[in-house]
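The values are calculated or read from the model by the stated rules, or taken from the named source; none is laboratory data. Being a predicted model, the structure only gives us computed values, none of them experimental. Reconstructed Cβ throughout: ideal geometry from the backbone, glycine too, with neighbour counts over all protein chains shown.
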Amino acid sequence: MSAHRPRPVRRSLGALAALTAAAFALTACAASPSASEETGGGEAAGDGVFPTSVEHVYGTTEIPAQPERVGTIGWGSFDAAIALGVVPVSIGTSSFGGDAEGYLPWTREAIEADGAKLPALHDELDGAPYEVLADAGVDLILGTNSGLSEQEYTTLSKIAPTVAYETTPWGTPWRDSTRMVGAALGMPDAAAQLIADTEEFTDTEMAKYPEVAGKTGMVIWVDAKDAGKVQYYTPNDTRLQYLTDLGLEIAPSIVKLSEGSEEFVSSISAEEADTLDADVAVVFVQGGGDLSTLREDPLLSKIPAVQSGALVYIEDDAQLMAISSPTPLSIPWALPAYAKQLGEAAAQVK
């Protein structure tokens, strides 16, 4: 696979299993009106047709010709591009969930499975890496799931056509992000097929755990060093959006708490923890704690899912990253284990 020029990657489902499902089989489809209508703003009539354009929170970006050197900002964009056969020349270092070099495991596996060169890594902790991307000679910048400010977007657009997030910072659902990336790369049909393949994989995995369907869920976390509050994710967040993909419904208590909020995460005092009523709770603990942080606390232990044992405890950083920002690469990598955990938790609901 070329490191720069877009080329759809075709893989068999058997090979996926052998590679821990690191990527998906893709077929470049013939152009059709229905496919182009699903590209999240892209106006390409079919794969390989330029110019194309992509709508996002700051307007519409036109890509005049097939990109040769792609750079990315934030989460998700580089996975979608790689799954479509395009390895960016520069991506953000994954300081959380990444390996010693800064690559997420599913990202590395997908690239190495195709014998391609790993992209350069850049640091985004202090904002957009303008100089790095300019020096890399990028001709397209993808930030479909990022927190790009309008000023950052404007500055990046002076380097190369830039695609920002859809509407909410860090909140673009994986399907929309994939469509936007596909449109920008001139591959709307391949992106639509990639989404369909990912959905099929998801449906197959979740069918193994029918008890999950229809249960209410939430994603929360606590700091063992500050157990006086519970952080909960709102429906604006990709973690909760992903739970609905897997057949759960967002807990009414979370919906009520989140009414009118544009935030992706908020908090509630431990004194009110018992109001976090959900059939299943996906939980992670910071600050050196574990599930005992909740089970042994006189207030946190009153959370209904803690009392019933219907908990999905996430302690692996890579898994946490995978379910925090699902992508066409991270979903097949992490879902088999996550689905099993959800099934076991749902079985505790009486």
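Would you list the helices (runs of 4 or more DSSP H) that sit entirely within the stretch 124-232 and hold 1 or more residues that are touching a helix residue (DSSP H, G or I) at 6+ places or on another chain (Cβ under 7 Å), surrounded by fewer than 20 Cβ atoms within 10 Å (Cβ to Cβ) and at pLDDT 95 or above? Break it down stepwise before answering.
Values: elements: 130-135, 150-157, 174-184, 188-206.
Qualifying helices (runs of 4 or more DSSP H): 130-135, 150-157, 188-206.
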Residues being in contact (Cβ under 8 Å) with a residue 60 or more places away in the chain and over 24 Å from the mean Cα position of the chain (by Cα) - total across the stretch 258-276
0
Note down all Cβ pairs under 7 Å where the first residue falls in the stretch 84-106 and is assigned to a helix (DSSP H, G or I), the second is surrounded by fewer than 21 Cβ atoms within 10 Å (Cβ to Cβ), and they're at least six residues apart or on different chains.
Pro105/Asp99; Pro105/Ala318
Of the conditions (1) at pLDDT 95 or above; (2) under 21 Å from Ser146 (Cβ atoms); (3) buried (at least 17 other Cβ atoms within 10 Å of the Cβ), the single one that Val57 does not satisfy is (3)
In the set Val255, Val282, the lone residue that is buried (at least 16 other Cβ atoms within 10 Å of the Cβ), within 29 Å of Thr198 (Cβ to Cβ) and within 24 Å of the chain's Cα centre (by Cα) is Val282
Restricting the stretch 77-100 to residues that are in contact with a Phe, Trp or Tyr (Cβ under 7 Å, 6 or more places away or on another chain) and of a type in the set (A, V, I, L, M, F, W, C), which is surrounded by the fewest Cβ atoms within 10 Å (Cβ to Cβ)?
Ile91
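Mind listing whichever residues of the stretch 107-120 are surrounded by fewer than 24 Cβ atoms within 10 Å (Cβ to Cβ), part of a helix (DSSP H, G or I) and not small (Gly, Ala, Ser)? Give the derivation first.
Initial filter on the stretch 107-120 (surrounded by fewer than 24 Cβ atoms within 10 Å (Cβ to Cβ)): 108-109, 111-120.
Add one more test, that the residue is part of a helix (DSSP H, G or I), and what stays is 108-109, 111-113.
If the condition is that a residue be surrounded by fewer than 24 Cβ atoms within 10 Å (Cβ to Cβ), part of a helix (DSSP H, G or I) and not small (Gly, Ala, Ser), then Arg108, Glu109, Ile111, Glu112 are the ones that fit.
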What is the number of the single condition among (1) under 21 Å from the mean Cα position of the chain (by Cα); (2) farther than 26 Å from Asp47 by Cα that Glu152 does not meet?
(1)
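Return the only residue of Ile220, Ile268 being in contact with a Phe, Trp or Tyr (Cβ under 6 Å, 6 or more places away or on another chain) and either of a type in the set (Lys, Arg) or farther than 30 Å from Ala196 by Cβ (or both). Can you show your working first?
Working: Ile268 fails: in contact with a Phe, Trp or Tyr (Cβ under 6 Å, 6 or more places away or on another chain).
Matching residue, one of Ile220, Ile268: Ile220.
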I'd like the residue in the stretch 233-252 that is farther than 22 Å from Gln286 by Cα and charged (D, E, K, R) and, out of all such residues, is surrounded by the fewest Cβ atoms within 10 Å (Cβ to Cβ).
Glu249
Which condition breaks for Asn236 when tested against (1) polar (S, T, N, Q); (2) part of a helix (DSSP H, G or I); (3) under 30 Å from Gly289 (Cα atoms)?
(2)
Residues within the stretch 70-95 that are at pLDDT below 95 and more than 14 Å from the chain's Cα centre (by Cα), tallied
1
Residue in the stretch 316-336 that is more than 18 Å from the chain's Cα centre (by Cα) and closer than 29 Å to Thr107 by Cα present
no
Restricting the stretch 285-304 to residues that are free of Cβ contacts under 8 Å to residues at least 40 places away in the same chain and touching a Leu at 6+ places or on another chain (Cβ under 8 Å), the residue that is surrounded by the most Cβ atoms within 10 Å (Cβ to Cβ)
Pro304
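Looking only at the stretch 229-249, which residues are under 19 Å from Gln348 (Cβ atoms) and touching a Ser or Thr at 6+ places or on another chain (Cβ under 8 Å)? Even if it seems obvious, please write down each step before you answer.
Of all residues in the stretch 229-249, those under 19 Å from Gln348 (Cβ atoms) come to 243, 246-249.
Listed by number, the residues that qualify are Leu246, Leu248, Glu249.
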Has the stretch 217-228 got any residue that is of a type in the set (Lys, Arg) and closer than 26 Å to Glu344 by Cα?
no
